[in-house]
Amino acid sequence: MTRPFNFSAGPATLPEEVLQQAASEMLDWHGSGMGVMEMSHRGKEFISIAQQAEADLRDVLAIPAHFKVLFMQGGAIAQNAILPLNLSRGGRTDYVITGSWSQKSAKEARKFCDVHVAATNEADTHTQLPAYDSWQLSDDAAYVHVCSNETIHGVEMHELPDLAALGSKAPLVIDCSSHIASRPIDWSRVAMAYAGAQKNIGPAGLTLVIIREDLLGHALPICPTIFDYKIQADNDSMYNTPPTYGIYMAGLVFQWIKQQREGALTGLAAIEARNIAKAQLFYDYVDASGFYTNKVGANCRSRMNIPFFLPGDALNEPFLSGAKEAGLLQLKGHKSVGGMRASIYNAMPLAGVQALVGYMKDFAQRHG
Ligand code: PMP
């Protein structure tokens, strides 16, 4: 069966091989007589699944030994509260606003700490990345928060800021929900990364937190026990029942990433090269089309989420219904931005982007 190409922003398309493997193991995981959903999280079978998933994630993202990997729940939205509860010490924090998701993070953090907005691109409707050397960083911030890929506005930090070079001693925290595992992370610049799983990693319900060990153990007294990063770390993310099936699926995706090849490149390097090629193909076509537009600054266009517009809103419905007929699903833009959005995560093959561009060319010819 050939499946349509699915451009959803999340929950999003997953590698077909992974779905097939999960299906084949659904009733009986490795001869255990149990499906993964039916296993005790404290049994040796599931513990081996969780340990392998963590080891593979560490391998894929080259996570240094002095970082802990936590498998949490509540999505990235919950982290908007959990982060200040753990790291702010109730004091000052710096937030950089680059789109809807970082805006939401800052708003939630205000419940727990003093939020200083160090930079914002609101004036240009979240289409540009405020130059790093323009950020007004505080002397005493407990951390600096950024969203390194804005899923709705399609703004990506292609290189993470070097806070030390910008004169800040604060640890950098990144919400990398929508581009985690699409490229390497420079851990010399990042103290904590978090991500909901439902884009590049697996099913919704699992949230990854990767945190430098020295940041653990400073939660505010009101922090719920289950949200205390140190308690999670001390209990190998099993203080309570973790999202077991999500961890299993994530583990299969990490193995899939490790198996990828692109010319001489392997693993995450292969994935990144493919993502660059996919995004370039798409942006090059949009820019040359004279029909479609993308308004994001050239230096910060997301490789994962590409909002684009047709020449008039009246064309949106015909575009979407024709796309569906052509086997190209979930292209409708976010309501706050309008137009269309193509999310081309790791699991979207180059052939999917080629098919979309082919459809767009044909549509432009018929309506141009
Ligand atoms: N941050 C970013 C960058 C996102 O893309 C999303 C979800 N689209 C969220 C936060 C919220 O994630 P969740 O719904 O898993 O809480």
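The values are calculated or read from the model by the stated rules, or taken from the named source; none is laboratory data. None of these values were measured; they are calculated from a predicted model. Neighbour counts are summed over all protein chains in view; Cβ atoms, including those assigned to glycine, are modelled from backbone coordinates with ideal geometry.
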Suppose we keep only residues that are under 19 Å from Ala76 (Cβ atoms) and among the hydroxyl-bearing types (Ser, Thr, Tyr) within segment 95-144. Which one would you say is farthest from the chain's Cα centre (by Cα)? Tyr143
In segment 302-323, the residues that are charged (D, E, K, R) and in contact (Cβ under 8 Å) with a residue 24 or more places away in the chain: Arg303, Asp313
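Being at pLDDT 95 or above, surrounded by fewer than 19 Cβ atoms within 10 Å (Cβ to Cβ) and in the same structural domain as Val60 (by TED's automatic domain parsing) narrows it down to one of Tyr248, Tyr239, so name that one.
Details: Tyr248 fails: surrounded by fewer than 19 Cβ atoms within 10 Å (Cβ to Cβ).
Being at pLDDT 95 or above, surrounded by fewer than 19 Cβ atoms within 10 Å (Cβ to Cβ) and in the same structural domain as Val60 (by TED's automatic domain parsing) holds for just one of Tyr248, Tyr239, which is Tyr239.
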Here the residues within segment 172-210 that are within 9 Å of the ligand (Cβ to nearest atom) and of a type outside the set (S, T, N, Q) are Asp175, Cys176, His179, Tyr194, Ala195, Gly196, Ala197, Lys199, Ala204, Gly205
Within segment 294-304, does at least one residue satisfy the condition of being part of a loop (DSSP other than H, G, I, E, B) and among the hydrophobic types (A, V, I, L, M, F, W, C)? yes
Among residues of segment 3-36 being among the hydroxyl-bearing types (Ser, Thr, Tyr) and either more than 28 Å from Ser321 (Cβ to Cβ) or without any contact (Cβ under 8 Å) to a residue 60 or more places away in the chain (or both), the residue nearest to the ligand (Cβ to nearest atom) is Ser24
Residue, farthest from Ser178 (Cα to Cα), within segment 1-54, restricted to residues that are among the polar types (S, T, N, Q) and part of a loop (DSSP other than H, G, I, E, B): Ser32
I'm trying to understand the selection: among the residues of segment 181-195, which are aromatic (Phe, Trp, Tyr) and closer than 24 Å to Thr266 by Cα? Trp187
Could you please find all residues in segment 137-149 being away from the ligand (no atom under 16 Å from the Cβ) and in a loop (DSSP other than H, G, I, E, B)? Leu137, Ser138, Asp139, Asp140, Ala141, Ala142, Tyr143
When you go through (1) part of a strand (DSSP E or B); (2) under 27 Å from Thr241 (Cβ atoms); (3) over 17 Å from the mean Cα position of the chain (by Cα) one by one for Phe71, which number turns out not to apply? (3)
Out of all the residues in segment 211-237, which are part of a strand (DSSP E or B) and within 15 Å of the ligand (Cβ to nearest atom)? none
So which residues in segment 324-350 are touching a residue at least 60 places away in the same chain (Cβ under 8 Å) and among the small types (Gly, Ala, Ser)? Gly327, Ser336, Ala342, Ser343, Ala347
Do you know which residues across segment 290-319 are under 26 Å from Ser182 (Cβ atoms) and surrounded by fewer than 16 Cβ atoms within 10 Å (Cβ to Cβ)? Thr293, Gly297, Ala298, Asn299
Taking only segment 150-209 into account, find how many residues are under 14 Å from the mean Cα position of the chain (by Cα), in a loop (DSSP other than H, G, I, E, B) and not small (Gly, Ala, Ser). 17
Which listed residue, of Ser105, Ser168, is within 13 Å of the ligand (Cβ to nearest atom) and either surrounded by fewer than 23 Cβ atoms within 10 Å (Cβ to Cβ) or at pLDDT 95 or above (or both): Ser105
Mind telling me which of the residues Glu25, Glu54 ends up being modelled with pLDDT of 95 or more, touching a Ser or Thr at 6+ places or on another chain (Cβ under 9 Å), acidic (Asp, Glu) and closer than 20 Å to Gln259 by Cβ? Glu54
